[in-house]
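Below is one structure; the comments refer to it alone.
The values are calculated or read from the model by the stated rules, or taken from the named source; none is laboratory data. Just so we're clear, the structure is a prediction, and the values are computed from it rather than from any experiment. Neighbour counts are summed over all protein chains in view; Cβ atoms, including those assigned to glycine, are modelled from backbone coordinates with ideal geometry.
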Amino acid sequence: MSTDSTVEFQRRLLVDKWRPYIDMVRLKTRYLVVEVTGARKLAVKKEDITVLIRESITKSYGDFGSGLSQYAFQVLYYNTQTRLAAIRCAREMCKMVETSLVFVTDVHNQDVSLRVARVCGSSRTCRENLLKFSLERAKTQNLYSSQPNFDEEVQAEIALVDPQ
């Protein structure tokens, strides 16, 4: 038996031994409800927000932050009318993401700022808060006059955010 096959055999034994414990540990996440404020005609997509936040994390925290942001960071939802976003990240990097949002200042040469409205521990509470904030924004921005069934559309979109 060669040393490579011996090492591989030992590795397989070790993995098989600890597999029940590895599968029991789950990734603990946090969900951030984020308000995007800026110019009136702000043309931002979900992908733009993802790229900007990842760049901000890399600038603020270097390779360490960049590695963590690859691990468990995702913009789950963004509505261009209400300008609300839902971000999922690992629990350990929640503060890192929050502080990096401050440094996002422009998108496509337009001034913008990102503010955390709520931090949630589950996707259910994130969806509830997104819906609450979206309906409040719809009332203040008079979105019902231009779209009578706006609340139904938003509810359908938010229901698809990270269903468990």
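Things worth noting here:
- Options V112, V97, V107: the member that is closer than 16 Å to F73 by Cα, among the β-branched types (V, I, T) and buried (at least 16 other Cβ atoms within 10 Å of the Cβ): V97
- A single entry from I49, I87, I53 fulfils the requirement of being farther than 22 Å from E157 by Cα and modelled with pLDDT of 90 or more: I53.
- Some residue of region 29-48 being farther than 25 Å from D111 by Cβ and not β-branched (V, I, T): yes
- Check on S145, part of a helix (DSSP H, G or I) and either small (G, A, S) or crowded, with 19+ Cβ neighbours inside 10 Å (or both): yes
- Looking across region 80-99, the residues that are closer than 15 Å to L114 by Cβ and small (G, A, S) come down to A85, A86.
- Filter result for V36 (under 30 Å from Q147 (Cα atoms), of a type in the set (A, V, I, L, M, F, W, C) and either modelled with pLDDT under 85 or surrounded by 11 or more Cβ atoms within 10 Å (Cβ to Cβ) (or both)): yes
Matching residues to (1) in contact with a Cys (Cβ under 7 Å, 6 or more places away or on another chain); (2) touching a residue at least 40 places away in the same chain (Cβ under 8 Å); (3) under 14 Å from T37 (Cα atoms):
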{"residue": "G62", "(1), (2), (3)": "no, no, no"}
{"residue": "G65", "(1), (2), (3)": "no, no, no"}
{"residue": "A90", "(1), (2), (3)": "no, yes, no"}
{"residue": "V107", "(1), (2), (3)": "no, yes, yes"}
{"residue": "S113", "(1), (2), (3)": "no, yes, yes"}
{"residue": "V119", "(1), (2), (3)": "yes, yes, no"}
{"residue": "K132", "(1), (2), (3)": "no, no, no"}
{"residue": "L135", "(1), (2), (3)": "no, no, no"}
{"residue": "K139", "(1), (2), (3)": "no, no, no"}
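- Filtered residue count, region 69-102, keeping only those that are of a type in the set (F, W, Y) and under 30 Å from N142 (Cα atoms): 2
- Residue count, region 120-140 (criterion: buried (at least 17 other Cβ atoms within 10 Å of the Cβ) and either of a type in the set (K, R) or under 18 Å from A90 (Cβ atoms) (or both)): 5
- Some residue of region 119-138 being in a strand (DSSP E or B), within 14 Å of the chain's Cα centre (by Cα) and among the hydrophobic types (A, V, I, L, M, F, W, C): yes
- Within region 38-81, the set of residues being among the acidic types (D, E) and either more than 12 Å from the chain's Cα centre (by Cα) or in a strand (DSSP E or B) (or both) comprises D48, E55, D63.
- Yes/no for S100 being modelled with pLDDT of 90 or more and farther than 27 Å from P163 by Cα: no
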